[in-house]
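Novice: This is the structure, below, for whatever I ask next.
Derivation of every value follows stated rules applied to the coordinates shown; laboratory data play no part. These figures come from a predicted structure and were not determined experimentally. Using ideal geometry, Cβ is built from the backbone for each residue, glycine included, and neighbour counts are taken over all protein chains shown.
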Amino acid sequence: MLSSSLSQLEKESPAYICPYDQACSYLEEAAKELKLDQSILEVLSHPRKVVTVSIPVKRDNSQVQVLAGHRVQHCDILGPYKGGTRYHPAVTLREVSALAMLMTWKCALLGIPYGGAKGGIAIDPKFYSVGELERITRRYTSELIKDIGPAVDIPAPDMGTSAREMAWMMDTYSVNVGHAVPGVVTGKPISIGGSRGREMATGRGVMFIIREALADKGQSLAGARIAIQGFGNVGSAAALLLHEAGAKVIAVSTGSGGIFCEDGLDIPALKAYVAENRKGVVGFEHTTPISNADLLTLPCDVLIPAALENQITEDNVNQIQAKIVAEAANGPVTLVANQVLESKGVTVLPDILANAGGVVVSYLEWVQGLSYVFWDEERVNKELENLMVQAYRQVMQQSKIRQIPLRLAAYTLGVGRVAQALSDRGLYP
Ligand code: NAD
């Protein structure tokens with residue numbers, strides 16, 4: 001099913017790493033460790049539903065362009081499907097399918113009653129006006145109207161989307177069903193039922209996990225040297241919170257290049273600079289430009305890839321000098337690179353743990369929406385901290401008990417819980 005959608009270009013690219021094959025390899029490794037029944041592995045290896053829709057959009061010049069929009073629902077054994085919506089030129093059905101599977105294990109690892117899903121459209125939002133993006137988002141939502149809903153599948157923001165797109169999705173869904181349905185998406189503006197603390201949640205979760213990992217090494221956040229690839233929703237929030245905790249964020253980057261400052265960047269001032277110039281971080285005062293490739297190999301305590309998949313690969317893994325790699329992005333370290341890092345004693349904090357803060361607060365937003373009771377930010381942040389620290393401790397314990405690396409430990413916990421639920425529910429018919 002998925003191989004037919006793999007473009008010729010992808011297949012011919014020598015550097016191509018299939019994200020879905022990679023996701024399946026991690027699942028198989030966890031299944032082997034857990035001695036899972038082959039029939040359970042067979043069920044968990046396949047997404048339950050794969051939807052691709054055509055999105056005809058009238059551009060501002062009156063030309064009509066037809067885009068492909070995907071939504072993949074991997075597994076709803078534990079509850080409704082949940083997952084982000086990505087607008088990025090590199091979106092493919094295979095990537096969306098891999099990310100949907102990752103979401104299943106992430107929710108189970110954090111003890112959240114959701115299944116995994118993901119959506120995406122292969123566009124670069126930079127090249128579309130706000131009006132065009134609104135038309136694309138609304139048509140995409142209406143094409144998926146029967147496949148999403150607060151008890152069915154609940155989209156959220158991901159790369160290239162934000163609270164704005166979630167508001168358009170919520171409105172389109174609500175207008176179509178005839179009444180307001182805030183619970184159909186999370187990560188929406190507070191004015192329409194969004195949760196306090198959601199915008200910073202993924203970055204805050206990354207900060208909590210790094211804090212715990214450093215503490216386990218007898219180090220604190222204060223003075224820790226940190227490099228961050230990506231300065232979007234996740235990267236900039238993590239940078240700000242780490243800076244506030246006393247860490248030295250020595251380098252950050254965006255798609256258009258990075259900056260370095262030995263003494264640590266002034267993150268609040270950098271955020272203001274980026275908001276004003278809208279062209280990335282390069283040019284910020286008292287900094288030296290640095291390429292994305294060089295940022296990854298800087299000597300530092302913690303490296304946070306917070307942009308794209310497959311950034312640390314066979315080609316650059318031997319140059320990585322960080323003691324801890326915290327996967328804020330999904331899948332930034334390839335399977336082979338991960339093995340090399342583990343063999344060198346680098347602590348790799350896996351994506352399904354490190355970047356789970358977003359889905360945790362999405363869940364808290366959904367719970368608040370369903371109960372019509374809304375919490376203050378302090379309560380949201382505290383609940384987030386409790387769930388993140390609890391999951392971190394469970395992963396460390398699993399790693400110790402089974403003598404396995406952290407990623408495999410996280411996967412065995414997530415996959416094991418879903419497998420148990422599948423076995424308890426049984427197979428229909
Ligand atoms: P975003 O679109 O807000 O930001 C992405 C950042 O990456 C931008 O600064 C962009 O310039 C930069 N970037 C793009 N291409 C790059 C390149 N080639 N080199 C360096 N930087 C590049 O996206 P986001 O929401 O911050 O998501 C980032 C990652 O975190 C993604 O992998 C996403 O799946 C993952 N994630 C996001 C959330 C969330 O709540 N937003 C939750 C979990 C995981």
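Novice: So what are the ³J(HN,Hα) numbers for segment 327-343, from phi and the Karplus equation (6.51, -1.76, 1.60; θ = phi - 60°), rounded to whole Hz, Gly and Pro as x?
Specialist: 7, 6, 7, 8, x, x, 10, 6, 4, 5, 4, 4, 5, 5, 4, 4, 5
Novice: Strictly greater than 23 Å: what percent of every Cα pair in segment 4-181 meets that?
Specialist: Result for the distance tail: 43 percent.
Novice: Report, by chain and number, residues whose modeled amide H sits under 5 Å from the one on ILE290, excluding near sequence neighbours (fewer than 5 apart, same chain).
Specialist: Residues meeting the criterion, in which the H sits 1.01 Å from N, are GLY258, ILE259, PHE260.
Novice: Filter the GluC sites (Glu not before Pro) in segment 72-164 down to the DSSP loop ones having no more than 15 other Cβ atoms within 10 Å, then list what survives.
Specialist: none
Novice: Using 0.36 nm per residue, how much length does the chain from ALA272 to ALA421 gain when fully extended, once their Cα-Cα distance is taken away?
Specialist: Here the segment from ALA272 to ALA421 would lengthen by 49.0 nm.
Novice: Next question. Rounding to the nearest 20 debye, state how big the charge dipole of the chain is about its Cα centre with +1 on each Lys and Arg Cβ and -1 on each Asp and Glu Cβ.
Specialist: 620
Novice: How charged is the neighbourhood of GLU199? Take every other residue with its Cβ under 14 Å from the Cβ of GLU199, and add Lys/Arg as +1 and Asp/Glu as -1.
Specialist: Values: positive: ARG164, LYS188, ARG196, ARG198, ARG204, LYS271; negative: ASP158, GLU165, GLU365, GLU377.
Around GLU199, the surrounding residues sum to +2.
Novice: According to the Kirkwood expression over distinct Cα-Cα pairs, how big is the hydrodynamic radius of the chain, in Å?
Specialist: 21.8
Novice: Can you check what the net charge comes to around ARG278, using other residues whose Cβ is under 13 Å from the Cβ of ARG278 (Lys, Arg +1; Asp, Glu -1)?
Specialist: My count for the surroundings of ARG278 gives +2.
Novice: How far, in nm, would the chain grow between GLN321 and HIS286 when pulled straight, counting 0.36 nm per residue and subtracting the alpha carbon separation?
Specialist: Here the segment from GLN321 to HIS286 would lengthen by 10.2 nm.
Novice: Please build a GNM for the chain, connecting alpha carbons under 10 Å apart, and tell me which residue among LYS82, LYS188, LYS49 fluctuates the most.
Specialist: Of the options given, LYS49 has the highest mean-square fluctuation.
Novice: Using the Karplus curve 6.51 cos²θ - 1.76 cosθ + 1.60 with θ = phi - 60°, work out ³J(HN,Hα) for each residue of segment 237-243 in order, rounded to whole Hz, and write x for Gly and Pro.
Specialist: My calculation for segment 237-243 gives 5, 4, 4, 5, 5, 5, 4 Hz in order.
Novice: Another question about this same structure. Counting other Cβ atoms within 10 Å, keep those with at most 13, restrict to DSSP loop, and tell me which trypsin sites (Lys or Arg not before Pro) in segment 200-304 are left.
Specialist: Here the sparse-neighbourhood loop sites are LYS217, ARG278, LYS279.
Novice: List the equivalent ellipsoid semi-axes of segment 70-110 in whole Å, largest first, each obtained as the square root of 5λ for an eigenvalue λ of the Cα gyration tensor.
Specialist: On the way: eigenvalues 77, 18, 14 Å².
Whole-Å semi-axes of the equivalent ellipsoid: 20, 9, 8.
Novice: If you don't mind, there's one more thing I want to ask. If r is the Cβ-Cβ distance from ASN176 to ARG393 and R0 is 41 Å, what FRET efficiency results, to the nearest 0.05? Write down the numbers at each step before the final one.
Specialist: Details: r = 43 Å, r/R0 = 1.06.
FRET efficiency, ASN176 to ARG393: 0.40.
Novice: Still on this structure: Indicate, rounded to the nearest 5 percent, the antiparallel portion of the DSSP beta bridges found entirely in the chain. Present the calculation step by step, with values, prior to reporting the outcome.
Specialist: Numbers: 24 of 49 bridges.
Counting only bridges with both partners in the chain, antiparallel ones make up about 50 percent.
Novice: Can you compute 3J(HN,Hα) from phi for each residue in segment 286-292, using the Karplus curve 6.51 cos²θ - 1.76 cosθ + 1.60 with θ = phi - 60°, rounded to whole Hz and x for Gly and Pro?
Specialist: Taking θ as phi minus 60°, the curve returns 6, 10, 10, x, 9, 7, 4 Hz for segment 286-292.
Novice: Counting only residues 5 or more places away or on other chains, whose amide H sits under 5 Å from the amide H of TYR81 once H atoms are built in the peptide plane?
Specialist: GLY115, ASP153, ILE154
Novice: Then there is this: Pull up the cross-link candidates among the lysines for LYS248, meaning alpha carbon to alpha carbon under 22 Å and not fewer than 8 places away within one chain.
Specialist: Once the sequence-local lysines are set aside, what remains near LYS248 is LYS217, LYS271, LYS323.
Novice: Can you tell me the alpha carbon radius of gyration of segment 304-429 divided by the globular rule-of-thumb value 2.2 N^0.38 Å?
Specialist: 1.25
Novice: Could you pull out every one of the lysines with an alpha carbon less than 28 Å from that of LYS49, ignoring same-chain neighbours closer than 8 positions?
Specialist: LYS11, LYS32, LYS35, LYS82, LYS106, LYS118, LYS146, LYS188
Novice: Within a Cβ distance under 11 Å of TYR128, other residues only, what is the Lys/Arg minus Asp/Glu net charge?
Specialist: Result for the neighbourhood of TYR128: -1.
Novice: With n ≥ 4 as the cut-off for DSSP H runs, can you work out [θ] at 222 nm for the chain, using -39500 (n - 2.57) per run divided by the number of residues, rounded to the nearest 500? Intermediate results must be reported in sequence, preceding the final value.
Specialist: Working: 15 runs with 192 residues, N = 429.
Taking each H run of at least 4 residues, the total per residue is -14000 deg cm²/dmol.
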